[in-house]
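Comments concern the structure below.
The values are calculated or read from the model by the stated rules, or taken from the named source; none is laboratory data. These numbers were taken from a predicted model, which means no experiment stands behind them. Methodologically, a virtual Cβ is constructed for each residue, glycine included, from the backbone with ideal geometry; neighbour enumeration extends over all protein chains shown. With ligands, DNA and RNA removed, areas are computed over all heavy atoms of the protein, side chains included. Shrake-Rupley method; radii C 1.70, N 1.55, O 1.52, S 1.80 Å.
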Amino acid sequence: MAFRFPLKQSLAVILTAMAALPTPSALAANVYGEQLEGFQYPYPLEHFNFSSQQQPLSMGYMDVKPAQQANGQTVVLLHGKNFCGATWEDTIKALSQQGYRVIAPDQIGFCSSTKPANYQYSFQQLALNTHQLLAHLGVAKAVIIGHSTGGMLATRYALMYPQQTQKLVLVNPIGLEDWKAKGAPWRSVDQWYQRELKLSAAGIKKYEQTTYYSGQWKPEYDKWVDMLAGLNSGPGHKKVAWNSALIYDMIFTQPVYYEFKDLKVPTTLMIGTADTTAIGSDIAPAAVKAQLGHYNVLGKQVTKMIPEAHLIEFPGMGHAPQMEEPQKFNQTLISDLARPL
């Protein structure tokens with residue numbers, strides 16, 4: 001027996017059903033493999049195979065030779081939590097044109113590298129992995145540049161390997177404060193995992209627009225949303241989310257804040273002052289949240305903690321100045337690297 005609905009009612013049912021569907025912006029345009037297979041890196045992607053914690057691992061990296069006459073220096077670019085080596089694309093090009101050899105790895109648990117089922121994450125372990133990669137590539141000394149979570153890693157690397165660190169550059173590093181000491185709530189790894197399973201392209205874009213790009217958006221940012229959303233919605237979805245949860249726990253529970261005073265290498269902080277990134281601020285009480293993530297203040301405070309550190313500020317820029325205004329950022333970086341040590 002057929003049921004017939006009045007036209008107006010039928011349209012209402014259809015429109016309600018359509019409204020419940022994810023919008024195109026909430027879906028990844030592409031789906032990528034567990035190690036970001038299918039995503040196009042800006043330069044040839046290689047892999048460093050090694051053993052760590054009783055298991056074989058593979059670390060993706062780009063090793064870009066100087067486009068102009070080599071100046072004899074190597075720069076290592078360390079990506080952030082929601083970034084990959086590929087997100088350094090513009091900076092790699094600018095540095096290689098100035099004669100630098102540029103190495104941009106993907107850390108274990110991220111992007112084109114292995115997502116272990118079990119791994120004891122620590123910044124010391126990631127620093128050791130990076131050090132082993134550089135030894136494999138014959139690099140004895142390098143400029144270490146870290147962005148966001150990569151800034152925490154770069155700090156740890158410079159503390160562990162000061163003789164191999166020519167200079168340290170921290171680009172909007174997180175960890176300029178100890179969030180848990182300021183009252184940000186702790187999440188269990190299981191809670192982080194459930195949070196990470198829910199990531200969508202729409203959520204990623206909203207967060208990046210607010211935090212990375214000072215509320216602005218340009219078409220060239222779309223591919224970085226696609227990169228993350230495609231990785232998180234791919235066949236490695238659960239392993240990607242689990243490793244992400246373990247990494248967030250590392251970030252929250254292993255501050256480098258108290259050791260900035262112990263750095264013994266030339267250090268520059270490059271800070272977009274509109275950045276508000278703070279792990280745990282999304283679930284913090286209002287009074288605690290109000291005290292977190294003030295990069296316009298944190299940059300100045302930490303510069304005073306690091307012996308003879310140099311501060312460069314980008315007024316009004318967000319968490320990723322190298323992506324928000326790459327030309328301005330790269331010119332500033334190249335000028336800073338040319339300063340006498």
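Computed from label points 7 Å out along Cα-Cβ, the spacing between Gln68 and Ser122 is 4.3 nm.
Since only Ala202, Ala309, Gly183 are under comparison, the one whose Cα sits farthest along the positive direction of the charge dipole of the chain, derived from C-beta charges on Lys, Arg, Asp and Glu, is Gly183. Peptide packing: for 130-141, 94-105, 290-301, the average count of neighbouring Cβ atoms within 10 Å per residue gives the ranking 94-105, 290-301, 130-141, highest mean first. Here region 182-237 is assigned +1 on the Cβ of each Lys and Arg and -1 on the Cβ of each Asp and Glu. Its dipole about the Cα centre then comes out at about 220 debye. Full extension of the chain segment joining Glu37 with His310 gains 94.4 nm, where the gain is 0.36 nm per residue of separation less the Cα-Cα distance.
Projecting the Cα atoms of Ser96, Val265, Phe83 onto the dipole axis of the chain, where Lys and Arg carry +1 and Asp and Glu carry -1 at the beta carbon, places Phe83 farthest toward the positive end.
Counting only protein heavy atoms and a 1.4 Å probe, tell me what percentage of the chain's accessible area is made up of carbon and sulfur.
56
Considering the options Gly236, Val225, Thr253, tell which one lies farthest towards the positive end of the dipole of region 194-267, charges being +1 on Lys and Arg and -1 on Asp and Glu at the Cβ, about the Cα centre. After comparing all options, I get Gly236.
Peptides 66-78, 237-249, 166-178, 35-47 ranked from most to least packed by the mean count of surrounding Cβ atoms within 10 Å: 166-178, 237-249, 66-78, 35-47. Remark: spin-label model distance Arg195-Lys182 equals 1.5 nm, labels positioned 7 Å along the Cα→Cβ axis. Under the simplified labelling scheme, the Ser335-Lys141 pair shows an inter-label distance of 2.6 nm, with each label point 7 Å from Cα along Cα→Cβ.
Relative contact order of the chain: 19 percent, from C-alpha pairs under 8 Å at least 6 residues apart in sequence.
Put simply, when 223-234, 143-154 are sorted by average Cβ atoms within 10 angstrom per residue, most first, you get 143-154, 223-234.
Look at where the Cα atoms of region 43-82 and of region 145-176 average out, and the two centres are 16 Å apart.
Can you tell me the convex hull volume per residue for the chain, based on C-alpha atoms, in Å³ to the nearest whole number? It would help to have the intermediate numbers written out before the result.
Values: hull volume 56.7 nm³, N = 341.
Once divided by residue count, the hull of the chain is 166 Å³.
Evaluate the charge dipole of region 117-208 about its Cα centre and quote only its size in Debye, nearest 20, assuming +1 on the Cβ of each Lys and Arg and -1 on the Cβ of each Asp and Glu. Its charge dipole is roughly 140 debye. Each Lys and Arg contributes +1 and each Asp and Glu -1, all at the Cβ; summed about the Cα centre of the chain, the dipole is approximately 420 debye. Measuring against 32 Å, Cα to Cα, the residue pairs Lys198/Lys289; Lys141/Lys218; Lys238/Lys304 contain Lys141/Lys218; Lys238/Lys304 as the ones spanning a longer distance. Could you provide, to the nearest whole Å², the per residue accessible area of the chain with probe 1.4 Å? The answer is 45 Å² per residue.
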